[in-house]
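Enquirer: Submitted below is the structure of interest, expressed as structure tokens.
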Amino acid sequence: PVSDKPALQKLTETYDTDLAAALVKAYLPEGGENVPLSAPENLRKAYALLERSMKRPGCEAFLQPVDPDEDGCSDYLEVIKEPMDLGTVKDYLDSGAYDTLGDMCDHIRLVFKNAETYNSEGSRIYVSAEEGRKAFDTDLQDILNAATDSALLPGVGDSACAVCGLSRGTLACVA
């Protein structure tokens with residue numbers, strides 16, 4: 001069997017074992033972040049995950065881009081080659097720029113990594129970034145654990161196709 005998780009068991013009951021294993025690998029590869037944001041439930045969970053980071057105490061400094069002049073860090077763009085902030089992540093999510101949950105997660109991690117890279121260990125911003133990163137990783141793991149119980153796997157626990165996420169038997173369903 002692919003797994004003892006209920007959602008994955010349902011896949012193996014619905015499809016042959018090889019196909020079920022391929023579907024599980026496609027949707028839950030290493031880290032489990034390859035879930036498509038084209039499915040409404042996945043997008044809803046992505047917004048919830050981002051919102052938790054944006055509202056977390058101490059993360060106020062990460063809500064907008066660093067302004068090197070205004071923020072008193074004139075060398076910021078020399079040290080940080082790919083600036084990112086949670087507000088920009090939200091803008092990207094709103095515009096549909098992310099294909100997968102992992103794409104969004106990479107940018108959220110970059111926000112915290114940049115803050116930890118630029119700021120001195122032990123400083124208020126460094127500590128907030130470290131705590132924010134750890135809390136984000138915990139929140140993400142909670143969502144991914146729930147995914148194996150059906151929430152992020154299209155077609156599991158409802159009448160949608162496990163391959164394309166659309167209602168089975170419709171003309172739009174590709175499987």
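The values are calculated or read from the model by the stated rules, or taken from the named source; none is laboratory data. The structure presented is a predicted model; accordingly, all values stated were derived computationally and were not measured. Methodologically, a virtual Cβ is constructed for each residue, glycine included, from the backbone with ideal geometry; neighbour enumeration extends over all protein chains shown. Only protein heavy atoms, including side chains, enter the accessible area calculation; ligands, DNA and RNA are left aside. Shrake-Rupley method; radii C 1.70, N 1.55, O 1.52, S 1.80 Å.
Enquirer: What is the extension gain from S120 to N34, computed as 0.36 nm multiplied by their sequence separation minus the C-alpha to C-alpha distance, in nm to one decimal?
Expert: On the way: separation 86, 0.36 × 86 = 30.96 nm, distance 3.32 nm.
Here the segment from S120 to N34 would lengthen by 27.6 nm.
Enquirer: May I pose another question? Counting other Cβ atoms within 10 Å, which GluC sites (Glu not before Pro) in the stretch 40-76 have at most 16 and lie in a DSSP loop? Before the final figure, lay out the partial values.
Expert: Working: sites: E41, E51, E60, E70; in loops: E70.
In loop regions of the stretch 40-76 (DSSP not H, G, I, E or B), the sparsely surrounded GluC sites (Glu not before Pro) are E70.
Enquirer: Let me ask another. For V79 and D106, what is the calculated FRET efficiency with R₀ set at 22 Å and r taken between the beta-carbons, to the nearest 0.05?
Expert: On the way: r = 20 Å, r/R0 = 0.89.
So the FRET efficiency works out to roughly 0.65.
Enquirer: Another one. How large is ³J(HN,Hα) for each residue in the stretch 121-135, as worked out from phi by the Karplus curve 6.51 cos²θ - 1.76 cosθ + 1.60 (θ = phi - 60°), to whole Hz, x for Gly and Pro?
Expert: For the stretch 121-135, the Karplus-derived couplings read 4, x, 5, 4, 5, 4, 5, 4, 5, 4, 5, x, 5, 5, 5 Hz, x marking Gly and Pro.
Enquirer: Going from most exposed to least, what order do K55, K113 have by accessible area with a 1.4 Å probe? Don't skip to the answer; put the middle values down first.
Expert: On the way: K55 145, K113 120 Å².
Largest accessible area first, the residues go K55, K113.
Enquirer: Now a separate question. Under 8 Å for C-alpha pairs, at least 6 residues apart: give me the relative contact order for the stretch 64-150, rounded to a whole percent. Working shown, then result.
Expert: Values: 58 pairs, mean separation 18.6, N = 87.
Normalised by residue count, the contact order of the stretch 64-150 is 21 percent.
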